[in-house]
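Contents: one structure, followed by commentary.
The values are calculated or read from the model by the stated rules, or taken from the named source; none is laboratory data. Note that the structure is predicted; figures quoted are calculated from it, not measured. Backbone-built Cβ (ideal geometry, glycine too); neighbour counts: all protein chains shown. Heads up: the accessible areas ignore ligands, DNA and RNA and are worked out on the full protein's heavy atoms, side chains in. Shrake-Rupley method; radii C 1.70, N 1.55, O 1.52, S 1.80 Å.
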Amino acid sequence: MSEGTANQAYLDAHFLRLHAMAETAGISPARLRELVGAGMVPAPSYVATDSKLISAAFGALPCSGLIAGDYMHRDMHSWIALALDAVAEHGESEAKAALQQAFSTDMRTALVDLHRESISAPDCFHADGTPDDAALDTCIGSHWDAHLEGIFGICVRRPGDIATIANKETAQAMLGKLTDSGTRQQYSASEALVLHGLITRYAEACAPFSPVEYPRTSRKRYVEDLPKQLAG
């Protein structure tokens, strides 16, 4: 299978072009673009042209043989439905604020729940286990920005689910902190045990990525390469 064919197969399996997503949501492509432009629905994760795949996470990557278009993850239908409900309830001018507040509340709950499992976003909780509200707000704000940019459509297996987003992002942050972003070489047996658990958690929540992106990804770094270091 050629590179272009493999990447198109990945897009077809996990994404819809914008016009198809709009049809699925029961709205026009123009209305979907309005919702994206207003910051109520995540932007397309990929823009494909005849010579490159533009990724919200990795930028423009040379890639031929793609069907041109703006691609949104299939899970985004849930965010579109939430946006339409918010507009109906709050009006066009207040809908984005309502959506952001709901996202922030649910993300905070997910991060606190993970902390209770000892899966803790670095620097978001005090030594006594209580939340550092300012740090949590900053973390959640960063997640909201990535959400709207379409980045979670690329890197999260189920980007329509906030708990999955929180799980993937927190496990990745912990792996990065404990391994110096994958550059550390030596680990004790107890450290390796903790890391294997985090790798499993991360792998379940993380997307598989397109073939053209995969060599650059945290998935390759932590799911493929890190276990080899731990085994050594």
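For this structure, a couple of remarks:
- Per DSSP, loop GluC sites (Glu not before Pro) in region 45-99 with at most 13 further Cβ within 10 Å: Glu92, Glu94
- For region 108-232: rounded, prolate or oblate by the Cα gyration tensor [a/c cutoff 1.5]: oblate
- Additional length obtainable on full extension of the chain from Ala134 to Leu178, 0.36 nm per residue less Cα span: 13.5 nm
- Three principal axis extents of the chain based on alpha-carbon atoms, in descending order, are 56, 47, 21 Å.
- For the chain, the share of accessible area belonging to carbon and sulfur comes to 52 percent (1.4 Å probe, ligands and nucleic acids excluded).
- Length gained when the stretch Ala97-Ile67 is fully extended (0.36 nm per residue, less Cα-Cα span): 7.3 nm
- Net length gained if the chain between Asp145 and Lys52 were fully extended (0.36 nm per residue, minus Cα distance): 31.0 nm
- Rounded FRET efficiency, nearest 0.05, which uses the C-beta distance separating Asp225 from Ala81 and R0 of 41 Å: 0.60
- Across region 10-141, Cα-Cα pairs farther apart than 19 Å form 60% of the total.
- Region 54-118: C-alpha gyration tensor shape, a/c 1.5 cut-off, then a/b vs b/c: oblate
- Electrostatic tally near Arg17: other residues with Cβ closer than 14 Å to its Cβ, Lys and Arg +1, Asp and Glu -1, net -1.
- Förster-model FRET efficiency, 30 Å R0, Ala88 and Asp113, C-beta, rounded to 0.05: 0.50
- Neighbourhood net charge (11 Å Cβ-Cβ; Lys/Arg +1, Asp/Glu -1) for Ala57: -1
- The local environment of Asn7, defined by Cβ-Cβ distances under 12 Å, has a net charge of -2 under the rule Lys, Arg +1 and Asp, Glu -1.
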